[in-house]
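Accompanying notes for the structure given below.
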Amino acid sequence: MSKAYDRVEWVFLKEVKMRMGFAKEWVALVMRCISTVSYVVTTNGRSGRVFKPTRGLRQGDPLSPFIFLICSEGLSSLIRNATREGLIKGVRASRRGPMISHLLFADDCILFGEATERSVRNLKAILQEYEACSGQYVYFYKSMIFFSSNLVEGDKRSISAKMGIRCSTNMEKYLGLPNIVGRKKKESFQNLKDSIKNRIKNWNTRFLSQGGREVFVKSVLQAIPTYAMTCFLLPNSLCGEFDNLFVGF
């Protein structure tokens with residue numbers, strides 16, 4: 001999703017919460033937390049006019065990740081309904097296992113389906129409907145599509161073109177994970193350290209308070225090695241280097 005938190009439509013969010021069965025008083029309370037925010041832009045030390053947004057969630061707010069999950073429930077519902085009606089078909093990890101049609105992690109999503117024109121057409125229609133209702137925008141340019149090995153190249157190119165997504169088998173490029181095959185340990189995780197250093201270097205720290213720096217560390221810097229840590233056991237020395245970078249900042 002492109003600028004996922006900034007594009008959330010408040011009307012859509014409210015309707016999803018009501019459909020999920022939350023009490024009206026609770027929904028009103030949460031919407032009050034979301035909609036009463038205001039912003040001021042400071043330029044050259046002078047504050048401009050106060051203005052209020054009409055959509056979006058505040059990044060860094062402890063409530064925002066949970067609210068965004070409720071927003072994503074709209075997409076999950078569309079996919080579940082399409083699966084029940086036989087419009088799309090997921091995959092099974094085993095013969096008797098449950099059908100998996102999609103997996104969500106924050107604003108990232110993995111969709112599973114058959115490599116057929118009908119399935120692709122239905123899947124794209126679901127995404128377009130979700131975009132129209134929620135305000136979300138699927139960034140197809142940064143998305144990747146993977147096929148099983150028993151599909152011919154012609155079908156792969158055709159389906160990729162219909163979805164408007166690049167075809168790739170490079171897991172390192174898709175997940176941002178280091179390819180540790182044939183590399184030394186020290187070299188394989190260098191890109192993680194470089195990414196953290198570049199974020200700190202490029203961030204304008206002159207106007208950040210101590211609390212602002214802490215939020216930046218917890219919400220941005222500590223999230224950078226998360227993907228790698230789900231797949232690889234990081235050396236203690238590398239974790240110590242990460243801590244030193246965080247503390248130094």
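The values are calculated or read from the model by the stated rules, or taken from the named source; none is laboratory data. What you see is a predicted model, and the numbers here were worked out from it, not measured in a lab. No Cβ is skipped: glycine too gets one built from the backbone with ideal geometry, and neighbour counts run over all protein chains shown. The area values use the complete protein model at the heavy-atom level, side chains included, leaving out ligands, DNA and RNA. Shrake-Rupley method; radii C 1.70, N 1.55, O 1.52, S 1.80 Å.
Based on this model, can you work out whether Arg118 counts as of a type outside the set (Val, Ile, Thr), surrounded by fewer than 13 Cβ atoms within 10 Å (Cβ to Cβ), assigned to a helix (DSSP H, G or I) and at pLDDT 90 or above? Considered against the rule, which asks whether it is of a type outside the set (Val, Ile, Thr), surrounded by fewer than 13 Cβ atoms within 10 Å (Cβ to Cβ), assigned to a helix (DSSP H, G or I) and at pLDDT 90 or above, Arg118 comes out as no. Out of all the residues in the range 121-153, which are within 16 Å of Leu78 (Cα to Cα) and of a type in the set (Asp, Glu)? Correct list: Glu129, Glu131. The set of residues from the range 10-23 being surrounded by 10 or more Cβ atoms within 10 Å (Cβ to Cβ), more than 16 Å from Leu75 (Cβ to Cβ) and of a type outside the set (Phe, Trp, Tyr) comprises Val11, Lys14, Met18, Ala23. When restricted to residues that are assigned to a helix (DSSP H, G or I) and surrounded by fewer than 14 Cβ atoms within 10 Å (Cβ to Cβ), the range 45-79 contains 2.
For the range 24-41, the set of residues classified as farther than 17 Å from Arg58 by Cβ and open to solvent by 70 Å² or more (accessible area, probe 1.4 Å) consists of Lys24, Glu25, Trp26, listed by residue number.
In the range 122-141, of all residues being touching a residue at least 40 places away in the same chain (Cβ under 8 Å) and over 15 Å from Ile165 (Cβ atoms), the one that is most open to solvent (accessible area, probe 1.4 Å) corresponds to Glu129.
Selection of the range 202-214 for residues being loosely packed, with under 15 Cβ neighbours inside 10 Å, assigned to a helix (DSSP H, G or I) and at pLDDT 80 or above yields Gln210, Gly211, Gly212, Glu214.
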